[in-house]
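Working notes for the structure below.
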Amino acid sequence: MTISTTNSIPVIDLAPLSGDSSGDISELAHQIYDAYSRVGFAYISNHGISADLVEDVFAASQRFHALSIEDKLRIEINQHHRGYIPINTSTDRTSVIKTAARPNQSESFMMMHELAPDDPDVMAGAP
C-alpha cells in the first residue's frame, strides 16, 4: 500500500453546482474524490452558506460543549445516530492501515435530517 502525503489542504470550488458557472461538474467530482482519498478533508469555497450562519453554528457548538456532562447526556446518541457522543466512548474502525486501539479523545454532537416514521430505512429498522 502506498501512503501519499501533502503539505496543503485542497480547496474545492463548488461554483459549478450553482448553474451560474461554466465549470465542469465531472471535474468537480474528480477533485472531491481526490481530496477525500488523499487527504481526508478539504476546504470548500463558493458553497453559498453565509458567514453569519457559519459564525452562529460555531457559537451554538461552543454553548453546547460548555454545558455540564449531565446536561449533554440528556441527549446522548440514539439508535438513529443523532445526539451527543461523550469523550472516550467510541472507537472508529475505518483505517486500512491500523486498527484503533483506544477510544476517540473527542466529544461530538451528531445531527442529520430526521427521517419520517414511514421512511423505508426507518421501517426496515436501519439506523
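The values are calculated or read from the model by the stated rules, or taken from the named source; none is laboratory data. It should be emphasised that the depicted structure is a prediction, and the values quoted were computed from it without experimental measurement. When we count neighbours, we look across all protein chains shown, and the Cβ atoms used for this are built from the backbone with ideal geometry, even at glycine.
Numerical summary
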item	result
Cβ-Cβ under 8 Å pairs, at least 6 apart or on other chains, region 32-51 side within 18 Å of Ser18 (Cα to Cα), far side surrounded by fewer than 14 Cβ atoms within 10 Å (Cβ to Cβ)	Tyr43/Ile9; Tyr43/Val11; Ile44/Val11; Ser45/Val11; Asn46/Ser18; Gly48/Ser18
Hey, Tyr36 among the hydroxyl-bearing types (Ser, Thr, Tyr) and touching a strand residue (DSSP E or B) at 6+ places or on another chain (Cβ under 8 Å) or not	no
Members of region 34-88 that are of a type in the set (Phe, Trp, Tyr) and either surrounded by 13 or more Cβ atoms within 10 Å (Cβ to Cβ) or under 19 Å from Gln105 (Cβ atoms) (or both)	Tyr36, Phe41, Phe64, Tyr84
Filter result for Ser8 (surrounded by 10 or more Cβ atoms within 10 Å (Cβ to Cβ), at pLDDT below 90 and not in a helix (DSSP H, G or I))	no
Complete set of residues in region 88-127 that are at pLDDT 80 or above and under 17 Å from the mean Cα position of the chain (by Cα)	Gln105, Ser106, Glu107, Ser108, Phe109, Met110, Met111, Met112, His113, Glu114
Within region 20-67, tally of residues that are of a type in the set (S, T, N, Q) and in a loop (DSSP other than H, G, I, E, B)	4
